[in-house]
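Let me begin by presenting the structure, written as C-alpha cells, before commenting on it.
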Amino acid sequence: MNPFFSFINSSVGKKLLMSLTGLFLSVFLVEHLAGNLLLLRSDGGQAFNDYAKFMGSNPIVRILEVGLLGFILLHIVNGIRLWLGNRAARSKGYGTYRLDENTTLQSRMMKLSAALVLLFLVVHLRKFWVPARFLGEHDIASIVYYTFQQPFYVVFYLVALFIVGYHLRHGFQSAFQTLGFRTKKYQMLIEFIAVLFWFVVPLGFAVIPIYIYFFAGSPVALVQ
Amino acid sequence: MKLTLKVWRQKDANDEGRFVEYTAKDISPDMSFLEMLDIVNIDLVKKGETPIVFDHDCREGICGSCGMMINGRAHGPGRGIATCQLHMRSFSDGDEIMIEPWRAAAFPVLKDLMVDRTAFDRIMRSGGYTSAKTGGIPDGNAILVPKPVADEAFDAAACIGCGACVAACPNSSAMLFVAAKVSQLAVLPQGQAERETRVTRMVAQMDEEKFGSCSNTYACEAECPKGISVTHIARLNREFIAAQF
C-alpha cells in the first residue's frame, strides 16, 4: 500500500487525523466567536452583517469554508471508523466493568457528546448558515436577534454550548497527547490552553443569546 | 471470611462460557487473591470438579503471568498491583466478587480465566529488540547515558506485559504496552539503529493483532501494576509520526 495511506490507516494515523481535524475545528471556533461578538455592538446589526457579507463573498474565505466542511466530515467519518474498530477490538464485553473508577466522565461520553454536537450543528446550520448562503438572506443579525428572543432557542443553544465544551474538555488535550506533545514538561501548558477552548470559548458564545434575550430590545427596534 | 464468587468458566476457546457461582469459605484476609482461588480449587478437586484455570507464576508481581478482571477492575481494586499482590483484606466478609478473564479480540480465552497473550510476543518479535554486535564486553562508560534518561528508560522497562492495559481499556488498545516497549529503547543510545523501523513495525503488528485505538482515557495507566505513565504513549505517537518522514 501507498505509505501515506498505510500511515493514515494505522491506529495512530487515524488518531492523528482525528487530532488535526479536531484542532482545526477548535481554532475555527475562535474565529467564529470573534465574528459573533460583533452582535453585541448596538448598531442594529450593521457590523455583524458586514462581517457576514465579507465571509460570504471573499474567495479565500469561501475556499476555507469548503475546507471546514470537509474537515467536519472527515472528523465524523474518521471518528466512526475508529469507533467501529474499537468495538470490534472487544468482541465480548465484561459482566462487570468499572471504567468509571479510572477515567473521567467526559472521556467516556465522547461518542455521545459528538452525536449531540452533530445534532446541534444540523439545527445551527439550517438556522443561520443555509439562509445566508442559499436563501439569499443578507440580514443575518436580525435572524439571530429574532431567534434569541425565543426562550426555547436560548436554552437549546446554552445546552448545546455546554455539550460542545464538554466534548472539547476531553478532546482538546487528547489531541495534544495524540500529537505527542503531552509530555511532563508541557502538560500544564496544554491543560491551561485547553481551559480557553472548553470553557472560555463556549462561555463567550453563550454570552450572545443571554445578552440578546435579557438586555437587547426587539429586533424590529434594533434593525432600522 | 466467606465470599461468593461469580467466576467465568469456559471449557476451551470454542466454548460459549458462562458465570458459575462458588462459595469461598475459611478465607484469611492475609491470603492473596490467587491463594483464595487455590483454596476454592482444592475444594473443587475434592468434589471431583475441574478446578478454575488461571495464569500465575512468580506470585510476587514481577512476572506478569497472572491477571484477571475482578469486580470490573483489571487486577482488582487498588493501584500498582498485579492480581497476585491483591490481598483478601481488600474485600469484606460476605462480599460477592465477579472474576472474569481479560477481554480483547486479540486475547482469545483459552480456558476459564486464562487468555492467549501471544499477540504481545508477536508485537515484541516485530521490533521490540536491538540488534547489537556481540563480542567483547564494552567498557562501562563507553556509552554515556545521563541518569534522567536511564531512569526514563527504566520506568518504561518496568512493564511486565501482563495485559492489564488492554483489559482496562474500553477499546482493548495495547498502546501502553507498545509505548513502554518502544520507549525503553527509543531513549537509549543502543536503541537508535532501529528507532524508526521499530516503532513502525510494532504499531503495524499491534494493528494486525486487532487491538483497538487509543482514546486517551488513561484507564491503562490507572490499572498498570507497574504504573507505566501515558507520557510513554505520547512518545510512541511522536516516534511514529517522526518515523514517517
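Each value in this text was obtained by applying a stated rule to the coordinates, not by laboratory testing. Given the structure is predicted, the values throughout are model-derived calculations rather than measurements. Here Cβ is always computed from backbone atoms with ideal geometry, including for glycine, and neighbour counts include all displayed protein chains.
Things to note:
- Test item: Cα-centred dipole of the protein assembly as shown, Lys/Arg +1 and Asp/Glu -1 on Cβ, debye: 800
- Sites B:CYS63 and A:VAL200, calculated FRET efficiency, Cβ-Cβ separation with R0 60 Å, nearest 0.05: 0.75
- Estimated Rh, the protein assembly as shown: Kirkwood, alpha-carbon pairs, angstrom: 25.3
- Neighbour-count order for B:ARG125, B:ARG18, B:ARG238, B:ARG103, fewest beta carbons within 10 angstrom listed first: B:ARG18, B:ARG125, B:ARG238, B:ARG103
- Paramagnetic reach from A:LYS185 (point 7 Å along Cα→Cβ, amide N under 19 Å) across region B:135-170: B:145-156
- Diffusion constant of chain A at 10 °C, which comes from Stokes-Einstein with the Kirkwood Cα-pair radius and 1.306 mPa s, µm²/s: 81
- Point-to-point label distance, A:VAL207-A:GLN149, nm (Cα→Cβ direction, 7 Å offset): 2.4
- As a proxy for reagent exposure, A:VAL200, A:VAL12, B:VAL166 were ordered by neighbouring Cβ count within 10 angstrom, fewest first; the result is A:VAL200, A:VAL12, B:VAL166.
- Inter-label distance, nm, simple model (7 Å from Cα along the C-beta direction), B:ILE42/B:ALA242: 5.4
- Cα centroid of region B:79-128 to Cα centroid of region A:109-144, whole Å: 47
- Placing a pseudo-label 7 Å from each Cα along the Cα-to-Cβ vector at A:PHE28 and A:LEU158 gives an inter-label distance of 2.7 nm.
- Theoretical ellipticity at 222 nm over chain A - DSSP helices of four or more residues, -39500 (n - 2.57) apiece, nearest 500: -23500 deg cm²/dmol
- DSSP H segments from chain A that extend 24 Å or more along their own axis, Cα-based, with Kyte-Doolittle mean of 0.0 or above: A:11-36, A:59-89, A:151-179
- The distance linking region B:184-213 with region A:22-84 is 38 Å (Cα centroid to Cα centroid, whole angstrom).
- Relative contact order (%) - criterion: Cα under 8 Å, at least six apart; region: chain B: 20
- Stokes-Einstein diffusion for region B:3-111, with the hydrodynamic radius set to the Kirkwood value over Cα pairs and evaluated at 4 °C in a medium of 1.567 mPa s, equals 91 µm²/s.
- Solvent-free Debye scattering, log10 I(q)/I(0), computed from the Cα coordinates of chain B at q = 0.08, 0.09 Å⁻¹: -0.35, -0.44
- Among A:TRP83, A:TRP198, the ranking by other beta carbons within 10 Å of each residue's beta carbon, starting with the fewest, stands as A:TRP83, A:TRP198.
- Paramagnetic label zone (point 7 Å from Cα along Cα-to-C-beta, B:ASP151; backbone N under 18 Å) in region B:203-245: B:227-232
- Helix B:147-157 and the longest principal axis of the Cα set of chain B meet at an angle near 40°.
- With Cα atoms, 0 to 90° folded angle of helix B:33-46 axis to chain B main axis: 50
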